[in-house]
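Asker: This is the structure, below, for whatever I ask next.
Computed from the coordinates by the stated procedures, all read-outs in this text should not be read as laboratory data. Quick caveat, the model's predicted, so the values are computed rather than measured. Positions of Cβ are generated from backbone atoms using ideal geometry, with glycine treated the same way; all protein chains shown enter the neighbour counts.
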Amino acid sequence: MSSQATSLCSKCNTIHFDFFTNDVQNLQDPLPDVSWTRLSPDNCQFCQLLHHCIYPGGPPYHPWRGTLRGAYAGHELQLHTDDGKSTRSLDHSIRHCRSPVLQFTEEDPQTSASFDVDELKHWLKECKQHKCFPSDSLHQPLPDDFRLIDVEACCIVSRSSLPPEAHIEYCALSYVWGEGQQPTQLDSFNKARAEEPGFLNEHNLPKTILDAMALCREINCPYLWVDILCIVQDSKEHKHGQISSMADVYSQSHLAIIAATGIDSNAGLTPYRQRTSNISYLVRKTPKGRFVASLSPQIAAQEIAKSTWASRGWTLQEYALSRRVLFFTGSYSFLRCKESLRSEDFGLGFSYCIEEERKWDLPLPPFYKRKANPNRHYPSTFSQMLAHFVRRRLSYQEDILDAFKGILTRMEDKELGEGQGIGSNICGLPSKEFGAALQWTTHLPWPSKPRIRFPSWSWAGWIHDANLLPPRKGSFHDIYEGFDNQGTDISVLTCYTVDSGKVIHPVEERTSEQILSKLIQEAGRRQLARWEPRTVDLRTELQRCFTPHSKEEISIYLEDPDHADHYLSQHLFIWASCATLYVDRPSAAGPHPATFDFPLRLAKNGHQIGAIRLKPEWRETQPDEMHFFVSTTGLYAPLSLSSAPLQLKFKLILTQLCKEDQLPVYRRIQVSHTPICHTDWKNASAKSKWIALI
């Protein structure tokens, strides 16, 4: 295929080249696709690029039949072929080379067999200008029992053995252990010898760790943190301390190295040293600028979501807590910091992948951000991280909260500032607006498989089958998705937990005046909407339903000798407005096949007042009347009448009665899919009482 062609064919001339070459442009309206039924690689430079995308690294010219469609996406022209029998997306795309760093021959396709570490050094140098690391993080002391690998001396060093005033620059490794015992680990028997220079040379280290050590040496980073070699594996005390410090371990690292390829610790850091397959690319200088046909970064990034690494529970917080991460995906490498995303560009000047005009990102929730959304109770980053986390697998189910602890810690008010985060966390749930926090949902029909030794009212109390979870909406699924769209969920709960000494601790305490005040504020915020309550009557109603009586009933319950301490620690004592509602049985045709929504009614054959998502086989085993309590209230705008007044509605939580005691004891099952009108709830003969959730 000759590179001497100097013009573009008539079809390629219709391409919107401004999409590639303008730094700032209005892309509110999507650009139309462009289609080719034949290519002219002998005469058109852009057709040569298109041909290379169809046959990367193939013969100079190969006849092609069918339709080629180009779609403008992100920074590239993505391509799809249709030969009349099937349609497929191509792995290669076309991008614009802005400021080539190196000179390339334009005669033949080029290949890249491994990652260029010099490119990484260039990225890191530019990243320093972003100030991804707040100044205070450089001075936070690491604990004396914190350990690192000295990559030059090939041994383990303790923080206490290093100069106390010095900032320690280290990389942190995130990888997949794989099945079975690791060949080398730090334990109480070898931890003294491990500090002798050359210790690690005497052991058979996994390839991923060896590659990470070599990479640290190449970028002049003296230390590496790896869990298996820096945490004393047979010391519960040391493990607990390190897990509690995980947020600091990764957030203070110079760089988190992520091995997002392979199924175990011997996968290595491909494409560092060697790609899983060579990347072939073709450069052409056209009258519209210089362009390259190469493996699409967006396609390559999708491998992250498919990787074993992305399916593991522990790896999410390792990614999320790091200020700067380097992904090795087997075929491609990416550097993500708080301000930018860079992908390999082989010196062609297009590595910078994020711009406001045409933005794309890795298939993961965004980095941890110190920012709250005024229209939501909780930062969306927290909700998205949690939704991703419950989809992941753990080798040991008891690790469910430990593997998310770093993110929970970072999202608390004490880290973000008062009112900016989730409050504190109660068994993984935000303490802020706790009634709303109880409304987490994976949008699955319920119930799932319970996780033993964890309460049903927490997401940690259930094993969520990732194979059954619905597709994510948009970029990221949100476990509190749907909040604050038509109404604001204001918690109406007063609830308490109990410690091992049977001491009662408040989680949230709400009065009728607090609830009414929040409703009035919400009505004022919606300036174009009307709310016409009889305030005196509403205050009386709220007082009757949501201002609790004395905690004496809880104390009596705690005094029962049958209640073991560990059992009480999972109790949540709630003053709630409770009622039973009729939930339809599965019909012959079954519930809605996409949602499994079951209608809620005040009585059998009555009008529908709401809906709830349940598994048909589970619903069939339950009684006609099922137990619900109110968790939040809110003002909802009618969907069909924009000028109609706001309506007061309740969100309900379905429970299953476990036993009658001094207090009735329930398990949380599911949150109502739709809110219930205040009037309908009153007609359900609701009663307010203390209940216990376990």
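Asker: Normalised by the number of residues in the chain, what is the relative contact order in percent for Cα pairs under 8 Å and 6+ residues apart?
Answerer: On the way: 1379 pairs, mean separation 71.0, N = 694.
It rounds to 10 percent for the chain.
Asker: For a quick check of your reading of the filter: which GluC sites (Glu not before Pro) in the stretch 158-220 sit in a DSSP loop and have no more than 13 other Cβ atoms within 10 Å? Kindly include the intermediate steps, with their values, before the conclusion.
Answerer: On the way: sites: 165, 169, 179, 195, 202, 218; in loops: 165, 169, 179.
Passing sites in the stretch 158-220 are 165, 179.
Asker: Please list the non-local residues whose amide H lies under 5 Å from the amide H of residue 432, H modeled 1.01 Å from N, same-chain partners needing a gap of 5 or more.
Answerer: Residues meeting the amide H criterion: 423, 424.
Asker: I'm a student and want to see the number: the projected area of the Cα convex hull of the stretch 37-80, averaged over all directions, in nm². Intermediate values should be presented prior to the final figure.
Answerer: Details: hull surface 13.1 nm².
Mean orientational projected area (the stretch 37-80, Cα hull): 3.3 nm².
Asker: I've got another one for you. Long-range amide H contacts for residue 279: which residues qualify at under 5 Å (H placed 1.01 Å from N, peptide plane, sequence gap of 5 or more or a different chain)?
Answerer: For residue 279, whose amide H was placed from the backbone, the distant partners under 5 Å are 112.
Asker: Cα gyration tensor of the stretch 290-343, axes a ≥ b ≥ c as square roots of the eigenvalues: rounded (a/c below 1.5), prolate (a/b > b/c) or oblate?
Answerer: Because a/c hits 1.5 or more and a/b fails to exceed b/c, the stretch 290-343 counts as oblate.
Asker: Based on Cα coordinates alone, diagonalise the gyration tensor for the stretch 486-694, multiply each eigenvalue by 5, take square roots, and list the semi-axes in whole Å, largest first. Intermediate results must be reported in sequence, preceding the final value.
Answerer: Working: eigenvalues 174, 127, 36 Å².
Largest first, the stretch 486-694 gives 30, 25, 13 Å.
Asker: Here's something else I'd like to know. Which residue, 543, 44, 494, has the largest displacement toward the positive end of the dipole of the chain when charges sit on each Cβ (Lys, Arg +1; Asp, Glu -1)?
Answerer: The residue sitting farthest along the positive end of the dipole is 44.
Asker: With +1 on each Lys and Arg Cβ and -1 on each Asp and Glu Cβ, how big is the dipole of the chain about its Cα centre, in debye rounded to the nearest 20?
Answerer: Details: 75 positive and 80 negative charges, 370 e Å.
My answer is approximately 1780 debye.
Asker: Considering only 5, 309, 350, whose Cα is most displaced toward the positive end of the charge dipole of the chain, charges sitting on Cβ of Lys, Arg (+1) and Asp, Glu (-1)?
Answerer: 5
Asker: Using only Cα atoms, what is the ratio of the radius of gyration of the chain to 2.2 N^0.38 Å? Don't jump to the answer; show the numbers that get you there.
Answerer: On the way: Rg = 29.3 Å, N = 694, 2.2 N^0.38 = 26.4 Å.
For the chain, the normalised Cα radius of gyration is 1.11.
Asker: Nearest-5 percent of antiparallel DSSP beta bridges in the chain? Show your work: numbers first, answer last.
Answerer: On the way: 92 of 108 bridges.
So the antiparallel bridges in the chain amount to around 85 percent.
Asker: Can you put 498, 325, 34, 492 in order of Cβ neighbours within 10 angstrom, beginning with the fewest? Present the calculation step by step, with values, prior to reporting the outcome.
Answerer: Details: 498 22, 325 25, 34 16, 492 28.
Starting with the residue having the fewest Cβ neighbours, the order is 34, 498, 325, 492.
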